[in-house]
Amino acid sequence: MHGDRLYSLKDFYFDLPEPLVAQYPSEKRSESRLFVLDRSCSEYKHKLFFEIEEFLCEGDVLVINNAKVIPARIFFKRKSGGLVEIVLTRRMSGMKWLVISNKTKKLKTGEILFSTADPSVEICVLGRSAEYLQVESNCELTEEVLKEIGAIPLPPYIRREPTAIDEERYQTVYASAGEAAAAPTAGLHFTAELMSRLKRKGVGFAELTLDVSWGTFQPVREDNLTKHKMHFENYCLSEQSAFEINNARSEKRRIIAVGTTSLRVLESSFRNGINESGNNATDIFIYPPYEIKSIDALITNFHTPYSTLLMLVSAFAGYNKIMDAYKTAVQEKYRFFSYGDAMLIL
């Protein structure tokens, strides 16, 4: 809240010149820029990502999302010969998926589509669910099958076709679990070498998995934020990771979320002062004046105007501090969103 006013959608507008939306990753992962915002004094520092080590101490725990992006973008053919693009966004059960499509309104319930790469792989349209379609495949869409028929689903604001570089760079170096339709992008800046260096310094890493869904790009259409409904995303917080995080908190060591996805899990699983382990789903929507209790610092990318992610970082850092910092980032020509630069909020 600002004074006694509630925030609405229009409060989260800022002028973002189109060229600042990164279309390609930086040449080297850890050489993207790093904007350091200290909440206590509103001071800014401009660094490169590998210099993050200066701001991390022995005993800090970085909470990373190890979700793996699957080749979720698939082309299918209708019986009429028409081409249909599908992005798998969430597995409902074994062979049933929630998907988005460029032909959502035209596809009929009961219609069968055939993969253009392997016509033996079929999906049947079961019906619509808001902006999504529910479909069922005739075989399990395993990692091997998807590698054959699918491609990396680049975000909608990257206006180009995916290339070989995206297979490597739109994936964190520690991706190992789950089925994400989008990358947990704050983690894209880490290299194995940087992680080793931080570990030698005594910085810990705790892993969790949140299957980032396509809903992360869904626009907020309500000016009244209380009316916006977030998508559900599945997550897993292991007993080991919960123990490491809770232990750090009890010893007054810092818990630093790497990305808004890690923060969503930490905030969703936080009860009575601790994080509870388990498999669950969250549709938590964090925006000011929500008070974030589970972390001490956040590593995140720069988010687009009006996005739920901008609202989340505003809740953590303070609305005015974030909007001022973003204004500076635009002036300093930081690169925005998935392939863009990083921000460390202390």
Of the conditions (1) farther than 25 Å from A315 by Cβ; (2) outside any helix (DSSP H, G or I), the single one that L62 does not satisfy is (1)
(Q) Scan segment 29-51 and tell me whether some residue there is over 22 Å from G318 (Cβ atoms), in a loop (DSSP other than H, G, I, E, B) and in the same structural domain as F336 (by TED's automatic domain parsing). (A) yes
Of the conditions (1) over 20 Å from Q218 (Cβ atoms); (2) of a type in the set (S, T, Y); (3) in contact with a strand residue (DSSP E or B) (Cβ under 7 Å, 6 or more places away or on another chain), the single one that T261 does not satisfy is (1)
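What number of residues within segment 121-141 satisfy the criterion of being outside any strand (DSSP E or B) and at pLDDT 90 or above? Even if it seems obvious, please write down each step before you answer.
Taking segment 121-141 first, the residues outside any strand (DSSP E or B) are 121, 130-131, 138-141.
If we keep only those that are at pLDDT 90 or above too, we end up with 121, 138-141.
Total meeting the criteria: 5.
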When segment 159-170 is checked residue by residue, the ones that are in a loop (DSSP other than H, G, I, E, B) and either crowded, with 18+ Cβ neighbours inside 10 Å or without any contact (Cβ under 8 Å) to a residue 40 or more places away in the chain (or both) are E161, T163, Y170
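Let's see how each residue does on (1) surrounded by fewer than 20 Cβ atoms within 10 Å (Cβ to Cβ); (2) touching a Ser or Thr at 6+ places or on another chain (Cβ under 6 Å); (3) modelled with pLDDT under 90:
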{"site": "A192", "(1), (2), (3)": "yes, no, no"}
{"site": "R197", "(1), (2), (3)": "yes, no, no"}
{"site": "S213", "(1), (2), (3)": "no, yes, yes"}
{"site": "L237", "(1), (2), (3)": "no, yes, no"}
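Just give me the residues in segment 221-235 being crowded, with 18+ Cβ neighbours inside 10 Å and either at pLDDT below 90 or under 15 Å from the mean Cα position of the chain (by Cα) (or both), in sequence order. Steps first, answer last, please.
Of segment 221-235, the ones crowded, with 18+ Cβ neighbours inside 10 Å are 225, 231, 233-235.
Once the filter is applied, which keeps residues that are crowded, with 18+ Cβ neighbours inside 10 Å and either at pLDDT below 90 or under 15 Å from the mean Cα position of the chain (by Cα) (or both), segment 221-235 yields H231, E233, N234, Y235.
Can you confirm whether V145 is free of Cβ contacts under 8 Å to residues at least 24 places away in the same chain and not acidic (D, E)?
Details: free of Cβ contacts under 8 Å to residues at least 24 places away in the same chain: no; not acidic (D, E): yes.
So V145 does not fit the description; no.
State yes or no: is I274 assigned by TED's automatic domain parsing to the domain that holds L37 and within 13 Å of L62 (Cα to Cα)?
Spelling it out, it is not the case that I274 is assigned by TED's automatic domain parsing to the domain that holds L37 and within 13 Å of L62 (Cα to Cα).
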In segment 1-37, anything surrounded by fewer than 16 Cβ atoms within 10 Å (Cβ to Cβ) and acidic (D, E) is listed as D4, D15, E18, E27, E31
The residue that is farthest from S26 (Cα to Cα), considering only those in segment 306-333 that are in a helix (DSSP H, G or I) and charged (D, E, K, R), is K321
Given (1) touching a residue at least 60 places away in the same chain (Cβ under 8 Å); (2) surrounded by 13 or more Cβ atoms within 10 Å (Cβ to Cβ), P156 misses just (2)
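Does A181 qualify as being aliphatic (A, V, I, L, M), loosely packed, with under 13 Cβ neighbours inside 10 Å and at pLDDT below 90? First the steps, then the outcome.
On the way: aliphatic (A, V, I, L, M): yes; loosely packed, with under 13 Cβ neighbours inside 10 Å: no; at pLDDT below 90: yes.
Spelling it out, it is not the case that A181 is aliphatic (A, V, I, L, M), loosely packed, with under 13 Cβ neighbours inside 10 Å and at pLDDT below 90.
Conditions tested, residue by residue: (1) buried (at least 23 other Cβ atoms within 10 Å of the Cβ); (2) at pLDDT below 95; (3) under 20 Å from the mean Cα position of the chain (by Cα).
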| residue | (1), (2), (3) |
| --- | --- |
| T300 | yes, no, yes |
| P305 | no, no, yes |
| L312 | yes, no, yes |
| A317 | yes, no, yes |
| M323 | no, no, no |
| Y339 | yes, no, yes |
| M343 | yes, no, yes |
Of the candidates L37, L98, the one satisfying the condition of being farther than 24 Å from I299 by Cβ and aliphatic (A, V, I, L, M) is L98
Within segment 38-75, restricting to residues that are of a type in the set (F, W, Y) and touching a helix residue (DSSP H, G or I) at 6+ places or on another chain (Cβ under 9 Å), the one that is surrounded by the most Cβ atoms within 10 Å (Cβ to Cβ) is F49
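The values are calculated or read from the model by the stated rules, or taken from the named source; none is laboratory data. Keep in mind that this is a model prediction, so the values were computed, not measured. Glycine also receives a Cβ, built like all others from the backbone with ideal geometry; neighbour counts cover every protein chain displayed.
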